[in-house]
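Here is the structure we will look at.
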2 protein chains.
Amino acid sequence: MTSYKTEPPVLLAVDCIIFGFDGEGLKILLIKRGFEPERHKWSLMGGFVQPTESPEDSAARILKKLTGLTDVYMEQIAVFGKPDRDTEQRVVSVVYFALIDINKYEHVISHDYRAEWFPLKEVPQLIFDHNEMVEVAKKKLKYKAALYPIVFELLPEKFTIPQIALLYESVYDIDLDRRNFSRKLLSSGLIIKLKEKDTENSKKGAFYFKINTEVYKEKIMSFLRFLPGWPID
Amino acid sequence: MTSYKTEPPVLLAVDCIIFGFDGEGLKILLIKRGFEPERHKWSLMGGFVQPTESPEDSAARILKKLTGLTDVYMEQIAVFGKPDRDTEQRVVSVVYFALIDINKYEHVISHDYRAEWFPLKEVPQLIFDHNEMVEVAKKKLKYKAALYPIVFELLPEKFTIPQIALLYESVYDIDLDRRNFSRKLLSSGLIIKLKEKDTENSKKGAFYFKINTEVYKEKIMSFLRFLPGWPID
DNA sequence: ACAAAAGTGTTATGCGTACACCCATGA
DNA sequence: TCATGGGTGTACGCATAACACTTTTGT
């Protein structure tokens, strides 16, 4: 035997959970599915892996198609492959999450898909097992973000410490002591203070910071804890 | 369009990284591949996902076929799906790791496969991208075991604290202070002291312990740290 | 008696946390 | 001048980690 001829083929898909942060709370980007089955229902953005693509390539292509963005932080979450998860035929889906700067998205929005941002707590019913995928993605994000400073991928170039705090609060659904949080973050050397202040969101105004890319690249492969206790799960 | 007919099918495989611990160090179980291509070369145990199976089912079936064991701790690691990773045709592989009690294995060993245990540091060259899979598995194990007490899955029912310490040392390739480690573990309430001692491995003898299943089931979904610092990567 | 491994006691240090307090500013 | 959110100072406690020391037993 020199081939796997007797083995049953499957279709390989990719689905993306796209996280964005608008200063209010964490959101995910969903589309209205444009084809049967389950046409016009809310769904994750997805597509099929092509012969020349790895699943990673495929995920990047799909993300670009919807958001226009490239070089986005993406991470493989899991494979969903129950025999009957798709009603049509056997489709196994590799699921990724992406962290994007929501502002960059807004300028490039593709109207080919009826895409909308949903707060994490108001995700509608989705097709197939997509709700389950979202749950797993949320869990993975929590897990990972507790150890690595990946949530900065969600922020614009300039951001304030209260904003980051809000972001962490949103990811973990907790309340942080902003005072301690601020110190912890500053002492990490991960962010650099700018001259400018954000005066929109408070009377006193909060200083803008930018990422210290040197330290960031180092710590993204290491880990650190900005969070009190361990509010994962 | 009510079907995905134009989409290219792929073959879906599963590969298992089987970890075992023999009191010396962490090992992985490899087989000599029994069919072409790459016949007679060292390989992970694997197989194809059947029409009625989820990838999880498939992984459990494959593990049982090699080791005779069921109800084993398994975890999905990642999907490997580069277009040309298999030389024969397009095969996408879902990779799992399994943690087994090596003693249970030894009684049920299947001789259909030429299987051998290899110390983590002496893994031979494997077919395709299997070496890469092993590396990812090691990393995931470290990551997870730093937060959850999963390594106990590798131990027999009775074990000593020095054994567990050795196991952690083996997983992380570090030296632990056995004195502090012992206290930390005891104070977690995770293990219960037995009357009996292991007198084989030392003059004084070390007390045997068993898992406190109540606490274990609770903590396996939570997390705790037995390790000083954070020796992940 | 000695070596070797198991295990206990003790202590310095630092981190996490709580919270009092000060600062800047718009209304 | 008061309310609001941003930010600093400080103090307490507990977990960590370092390491001196005791215990047990085979040789």
Restricting attention to segment A:81-91, does a residue exist that is over 14 Å from B:V92 (Cβ atoms), buried (at least 19 other Cβ atoms within 10 Å of the Cβ) and more than 7 Å from chain B (Cβ to nearest Cβ)? yes
So how many residues does segment B:167-183 have that are buried (at least 16 other Cβ atoms within 10 Å of the Cβ) and within 15 Å of DNA strand D (Cβ to nearest atom)? 6
Among (1) in contact with a helix residue (DSSP H, G or I) (Cβ under 6 Å, 6 or more places away or on another chain); (2) in a helix (DSSP H, G or I); (3) surrounded by fewer than 16 Cβ atoms within 10 Å (Cβ to Cβ), the one test that B:G189 misses: (2)
Against the definition (outside the structural domain of B:I31 (by TED's automatic domain parsing), open to solvent by 60 Å² or more (accessible area, probe 1.4 Å), part of a helix (DSSP H, G or I) and within 15 Å of DNA strand C (Cβ to nearest atom)), how does B:N201 come out, yes or no? no
Name the single residue, out of those in segment B:3-38 being of a type outside the set (A, V, I, L, M) and assigned to a strand (DSSP E or B), that is surrounded by the fewest Cβ atoms within 10 Å (Cβ to Cβ). B:K32
Can you work out which of the residues in segment B:145-163 that are open to solvent by less than 60 Å² (accessible area, probe 1.4 Å) and out of contact with any Phe, Trp or Tyr (no Cβ under 8 Å at 6 or more places or on another chain) is nearest to B:L29 (Cα to Cα)? B:P156
Right, A:E196: assigned to a strand (DSSP E or B) and acidic (D, E) or not? yes
Of the conditions (1) modelled with pLDDT under 95; (2) out of contact with any strand residue (DSSP E or B) (no Cβ under 6 Å at 6 or more places or on another chain); (3) not aliphatic (A, V, I, L, M), B:E7 clears all except one; give me its number. (2)
Odd one out for A:K139, checked against (1) more than 16 Å from DNA strand C (Cβ to nearest atom); (2) within 18 Å of A:K210 (Cα to Cα); (3) not polar (S, T, N, Q): (2)
Condition first: at pLDDT 95 or above, within 7 Å of chain A (Cβ to nearest Cβ), within 22 Å of A:T6 (Cβ to Cβ) and open to solvent by 20 Å² or more (accessible area, probe 1.4 Å). Can you find one or more residues in segment B:67-76 that meet it? no
Restricting attention to segment B:1-14, does a residue exist that is more than 14 Å from chain A (Cβ to nearest Cβ) and β-branched (V, I, T)? no
What number of residues in segment B:144-166 are among the charged types (D, E, K, R) and either within 16 Å of DNA strand D (Cβ to nearest atom) or farther than 19 Å from B:N201 by Cα (or both)? 2
Give me the residue from segment B:25-36 that is touching a Ser or Thr at 6+ places or on another chain (Cβ under 8 Å) and in contact (Cβ under 8 Å) with a residue 60 or more places away in the chain and, out of that set, farthest from the other protein chains (Cβ to nearest Cβ). B:G25
Which one of the conditions (1) in contact (Cβ under 8 Å) with a residue 40 or more places away in the chain; (2) touching a strand residue (DSSP E or B) at 6+ places or on another chain (Cβ under 8 Å) does B:G68 fail to meet, given that it meets all the rest? (2)
Criterion violated by A:Y105 - all others in (1) closer than 30 Å to A:P162 by Cβ; (2) within 11 Å of chain B (Cβ to nearest Cβ) satisfied: (2)
In segment B:39-48, which residues are part of a loop (DSSP other than H, G, I, E, B), touching a residue at least 12 places away in the same chain (Cβ under 8 Å) and not charged (D, E, K, R)? B:L44
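The values are calculated or read from the model by the stated rules, or taken from the named source; none is laboratory data. Just so you know, these numbers come straight off a predicted model, no measurement behind them. A quick note on method: Cβ atoms are made from the backbone with ideal geometry, for glycine too, and the neighbour counts reach across all protein chains shown. Surface accessibility is based on the protein's heavy atoms, side chains included, excluding ligands, DNA and RNA. Shrake-Rupley method; radii C 1.70, N 1.55, O 1.52, S 1.80 Å.
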